[in-house]
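The values are calculated or read from the model by the stated rules, or taken from the named source; none is laboratory data. Keep in mind that this is a model prediction, so the values were computed, not measured. When we count neighbours, we look across all protein chains shown, and the Cβ atoms used for this are built from the backbone with ideal geometry, even at glycine. Side chains included, ligands, DNA and RNA excluded: accessible areas come from the protein's heavy atoms. Shrake-Rupley method; radii C 1.70, N 1.55, O 1.52, S 1.80 Å.
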Amino acid sequence: MKNIDHLSITPEVIARFADCSEPRLKFLLTELVQSLHDYARKVELTELELMAAIGFLTATGQKCDDKRQEFILLSDVLGLSMLAVAQNNKFPPEATEATVFGPFYVDGAPSYAHGDDIANGAQGEPLYVTATVSDLHGKPIVNALVHTWQADSDGFYDVQRPDQDMQARGNFRTDGEGRIHFRSILPVAYPVPTDGPVGDILRASGRHPWRPAHVHFMIEAPGYRTLVTHIFREGDQYLESDVVFGVRSSLVAQMPRREAGALTPLGEASTRAFHTLDVQFRLTDAT
Ligand code: BEZ
Ligand code: FE
């Protein structure tokens, strides 16, 4: 077809996907073209703006490496990650809610025994975590695999520090009562990385880059849907304005402070002030 204009181009492009043999791919591409074209017409996109957008996406790709995923961060700050989480994890109300995975999970984190300190040198006030994993009726799930990871008191994950060993991350297996307990450090609020194109967007639009303090959990057990979630610290100033829109009220928990000398959940008198966190995770069936 010749003499295409700004309206007739849309059905013409979509028609070129007619022979796509994979129905879902065909649907995704067709809808993408339709939405992109509608957007360009609605905002009256200029050629200069299109080149700026292409430059931005190029820089986003160039910022990615094996430790940095700027495209995930872009999806996060645009709310696309949380939208996908929300529409794909419509669990029953008794189930623990899911939230964003984020870019800082690392495969191959150490496996720990109950009561171990996973900080491995990361700085922060001690936090004693007790968690139980159950089904929707409260029946404990034995031998569930619980992954946890978090930032240190400077707001950095181990992977953000050059040549850093794994810190404040690890895996546990639930015991016969569906329980794990371990020592870590108190999470603090931290900014998402702002030294790349996503940071430029946040600054240009006057948005802050902060996430409220949280600890990440991913829980796997045969017969149950894998749960990816966080527990947020009650009282954090960014709970209402998380830069990646990940907060759910059901995931906010107290992490009360105890003075030095108090007994820790492990039954020892602590030489330092510490915090505690008790949390219950309820998994939904895989079917
Ligand atoms: C995180 O919580 O680790 C995270 C999530 C989204 C973007 C950046 C960080
Ligand atoms: Fe995080």
Practice problem: Using DSSP, restrict attention to beta bridges with both residues in the chain and report what percent are antiparallel, rounded to the nearest 5. | Solution: 70 percent
Quiz item: How high is the relative contact order of the range 73-161, in percent, counting Cα pairs under 8 Å that sit 6 or more residues apart?
Solution: 22 percent
Quiz item: Which is farthest toward the positive dipole end of the range 9-68 among Leu29, Leu48, Ala18, measuring Cα position about the Cα centre, with Cβ charges +1 (Lys, Arg) and -1 (Asp, Glu)?
Solution: Leu29
Practice problem: Once you have a ≥ b ≥ c as the square roots of the Cα gyration tensor eigenvalues for the chain, tell me rounded if a/c is under 1.5, and otherwise prolate or oblate according to whether a/b is larger than b/c. | Solution: prolate
Quiz item: What percentage of the solvent-accessible surface of the range 1-86, computed with a 1.4 Å probe over protein heavy atoms, is contributed by carbon and sulfur atoms?
Solution: 64 percent
Quiz item: Highest GNM mean-square fluctuation, the chain, Cα pairs closer than 10 Å: which of Glu94, Glu259, Glu234?
Solution: Glu259
Quiz item: ³J(HN,Hα) across the range 244-249 via Karplus (A = 6.51, B = -1.76, C = 1.60, θ = phi - 60°), whole Hz, x for Gly/Pro?
Solution: 10, 6, x, 7, 10, 4
Exercise. State, as an integer percentage, the relative contact order of the range 113-168 based on alpha-carbon contacts under 8 Å between residues 6 or more apart.
Key: 40 percent
Quiz prompt | Amide H within-cut-off set for Phe281, under 5 Å, with H built and near neighbours excluded | solution = Thr132, Val133, Ser134
Quiz prompt | When the convex hull of its Cα atoms is projected in every direction, mean area for the range 9-68 (nm²) | solution = 5.8 nm²
Self-check item: Using θ = phi - 60° and Karplus 6.51 cos²θ - 1.76 cosθ + 1.60, couplings along the range 26-38 (whole Hz; Gly, Pro as x)
Solution: 4, 4, 4, 5, 4, 5, 5, 4, 4, 5, 5, 5, 4
Quiz prompt | Partners for Lys26 among aspartates and glutamates (Cα-Cα distance below 17 Å; same-chain residues under 8 apart left out) | solution = Glu12
Practice problem: Using the Karplus curve 6.51 cos²θ - 1.76 cosθ + 1.60 with θ = phi - 60°, work out ³J(HN,Hα) for each residue of the range 5-19 in order, rounded to whole Hz, and write x for Gly and Pro. | Solution: 10, 5, 9, 6, 5, 5, x, 5, 5, 4, 4, 5, 8, 4, 8
Quiz prompt | Net charge of neighbours whose Cβ lies under 10 Å from the Cβ of Arg211, counting Lys and Arg as +1 and Asp and Glu as -1 | solution = -3
Quiz item: Along the charge dipole of the chain, Cβ charges K/R +1 and D/E -1, which of Trp149, Gln160, Ser250 sits furthest on the positive end?
Solution: Ser250
Quiz item: Label-point separation (nm) for Leu78 and Cys64, each offset 7 Å from Cα along Cα-to-Cβ?
Solution: 1.3 nm
Practice problem: Could you work out the relative contact order of the chain, using alpha carbon pairs under 8 angstrom and six or more residues apart, expressed as a whole percent? | Solution: 20 percent
Quiz item: Using 0.36 nm per residue, how much length does the chain from Ser249 to Asn88 gain when fully extended, once their Cα-Cα distance is taken away?
Solution: 56.1 nm
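What does the accessible area per residue of the chain come to in Å², with a 1.4 Å probe and no ligands, DNA or RNA counted?
Each residue of the chain exposes 55 Å² on average to a 1.4 Å probe.
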